[in-house]
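S.K.: To start, I am sharing the structure in question, which I have written as structure tokens.
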Amino acid sequence: MGDVDGDGCDEITYGSAAINHDGTLLYSTGLGHGDAQHLADQDPDRQGLEYYMVHEEYPYGSDLRDARTGEILFRTLDKDDTGRGLAADIDAQHRGYELWCSDAPVVRDIKGKTVSAETSLSYKKNHEADHFRSNEKTSFKAVSRMSAMNFRIYWDGDLQDELLANGRPPHFPPYLQKWNGKEAVALPLSNGKQLYEMGNSVSCNWSKATPNLQADLFGDWREEVIYWDKSDASHLNIFTTNIPTDYRVPTLMHDHIYRMGVAWQNVGYNQPPHLGYYLPDHAEKIQK
């Protein structure tokens, strides 16, 4: 949900269709239902917002489109349900967001060019399992990990996104990742532990690695993340970063697209909030 056509009123986007504020159809791409979608200023060199989504019906795969007109900017095809996909600015070497989904183990730049192939963002197992320890108290045995294809987060001090991933069933223990230009590697907390090792924290939606809520709650522009406590479901565990940053950025909740993203984050399959501006450009203007 957000003002995609600049008329001061929000439009509602359900999958491949956008509904205007007066209830009329703004557009429909005709590509059908999808389980993940992301609205943001993903391409800072294009006017307006972009919309990235994956599609359940084959062969539609995934697409990036102009959020105002529905124009398809690029798309990928798949022979099966493309169930997961994420748009996030994880790599400072490439301007704009990076995109990836479950139809292929590649990361693409905002123009659709492959920037990293056979990455650890795919569904394969990798050496990251060695970073995890068996925790008898919580019965977490993260001997291999699921892909980070649902939630991004501002956690450390740079202007790129970090990732929220999770381990194997049955508890899908959550943990942080950082993209190093080739693959996503584990990003430990300052005490050397991971999220799942603190307060019996678990994902609220099975394999989708979704927290109960993610938002800039405390106003320092980095984001907090909330998980429920498996040992006592009446408890919520709130995590915040203690990593310093060189950048002064207004609280993200002042951005309308972001604030709306927080509000509808828990609708359907939880999706992360995104900004209506491109953070590296915004932060540079503020520093000047």
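The values are calculated or read from the model by the stated rules, or taken from the named source; none is laboratory data. The shown structure was predicted, so the numbers you read here are calculated from the model rather than taken from an experiment. Quick reminder, even Gly has a Cβ in these numbers, built from the backbone with ideal geometry, and neighbours come from all protein chains shown.
S.K.: Inside the stretch 50-62, can you point out the residues that are under 17 Å from Glu98 (Cβ atoms) and either of a type in the set (Phe, Trp, Tyr) or surrounded by fewer than 21 Cβ atoms within 10 Å (Cβ to Cβ) (or both)?
M.R.: Tyr51, Tyr52
S.K.: Give me a count of the residues in the stretch 212-248 that are under 27 Å from Tyr278 (Cα atoms) and under 20 Å from the mean Cα position of the chain (by Cα).
M.R.: Total satisfying the criteria: 19.
S.K.: I'd like the residue in the stretch 186-238 that is basic (Lys, Arg) and in a loop (DSSP other than H, G, I, E, B) and, out of all such residues, is nearest to Leu86 (Cα to Cα).
M.R.: Arg222
S.K.: Looking only at residues in the stretch 244-288 that are in contact with a helix residue (DSSP H, G or I) (Cβ under 9 Å, 6 or more places away or on another chain) and of a type in the set (Ser, Thr, Tyr), which one is surrounded by the most Cβ atoms within 10 Å (Cβ to Cβ)?
M.R.: For the stretch 244-288, the residue satisfying everything is Tyr258.
S.K.: Would you mention how many residues in the stretch 48-73 are farther than 20 Å from Gln271 by Cβ and out of contact with any Asp or Glu (no Cβ under 7 Å at 6 or more places or on another chain)?
M.R.: 2
S.K.: Is the stretch 198-214 home to any residue that is touching a helix residue (DSSP H, G or I) at 6+ places or on another chain (Cβ under 7 Å) and closer than 23 Å to Ser116 by Cα?
M.R.: Checking the stretch 198-214: not a single residue is touching a helix residue (DSSP H, G or I) at 6+ places or on another chain (Cβ under 7 Å) and closer than 23 Å to Ser116 by Cα.
S.K.: Now a separate question. Just to be sure I understand, how many residues within the stretch 257-288 are hydrophobic (A, V, I, L, M, F, W, C), assigned to a loop (DSSP other than H, G, I, E, B) and at pLDDT 95 or above?
M.R.: First, pick out the residues of the stretch 257-288 that are hydrophobic (A, V, I, L, M, F, W, C): 257, 260, 262-264, 267, 275, 279, 283, 286.
Now restrict to residues that are assigned to a loop (DSSP other than H, G, I, E, B): 264, 267, 275.
Then drop every residue that is not at pLDDT 95 or above, which leaves 275.
The qualifying residues number 1.
S.K.: Return the pair list, or none, for Cβ contacts closer than 7 Å from residues in the stretch 240-252 that are over 18 Å from Leu217 (Cβ atoms) to residues that are at pLDDT 95 or above and part of a loop (DSSP other than H, G, I, E, B), at least 6 apart or on different chains.
M.R.: Close Cβ pairs satisfying both conditions: Tyr247/Leu159.
S.K.: Taking the criterion of being in the same structural domain as Glu223 (by TED's automatic domain parsing), under 18 Å from Ala92 (Cβ atoms), at pLDDT 90 or above and assigned to a loop (DSSP other than H, G, I, E, B), would at least one residue in the stretch 142-155 satisfy it?
M.R.: Within the stretch 142-155, one or more residues are in the same structural domain as Glu223 (by TED's automatic domain parsing), under 18 Å from Ala92 (Cβ atoms), at pLDDT 90 or above and assigned to a loop (DSSP other than H, G, I, E, B).
S.K.: Here's a follow-up. Show me the strands (runs of 3 or more DSSP E) entirely contained within the stretch 36-135 in which 3 or more residues are at pLDDT below 90.
M.R.: Working: elements: 36-40, 50-54, 62-66, 72-76, 85-88, 98-101, 104-108, 114-117.
In the stretch 36-135, 104-108, 114-117 are the strands (runs of 3 or more DSSP E) which contain 3 or more residues that are at pLDDT below 90.
S.K.: Can you tell me which residue in the stretch 195-233 is surrounded by the fewest Cβ atoms within 10 Å (Cβ to Cβ), limited to those that are at pLDDT below 90 and of a type in the set (S, T, N, Q)?
M.R.: Residue satisfying both the conditions and the ranking: Ser231.
S.K.: Also, quick follow-up: Scan the stretch 91-107 for residues that are within 15 Å of the chain's Cα centre (by Cα) and of a type outside the set (Asp, Glu) and jot them down. It would help to see each step written out before you state the result.
M.R.: At the first step, the residues of the stretch 91-107 found to be within 15 Å of the chain's Cα centre (by Cα) are 91, 96-102, 107.
Matches in the stretch 91-107: Gly96, Tyr97, Leu99, Trp100, Cys101, Ser102, Val107.
S.K.: Among the residues of the stretch 239-256, is any basic (Lys, Arg), over 29 Å from Glu197 (Cβ atoms) and in a loop (DSSP other than H, G, I, E, B)? Break it down stepwise before answering.
M.R.: To start, the set of residues in the stretch 239-256 that are basic (Lys, Arg) comprises 248.
Filter again for over 29 Å from Glu197 (Cβ atoms), leaving 248.
So of that shortlist, the ones also in a loop (DSSP other than H, G, I, E, B) come out as 248.
Scanning the stretch 239-256 turns up at least one residue that is basic (Lys, Arg), over 29 Å from Glu197 (Cβ atoms) and in a loop (DSSP other than H, G, I, E, B).
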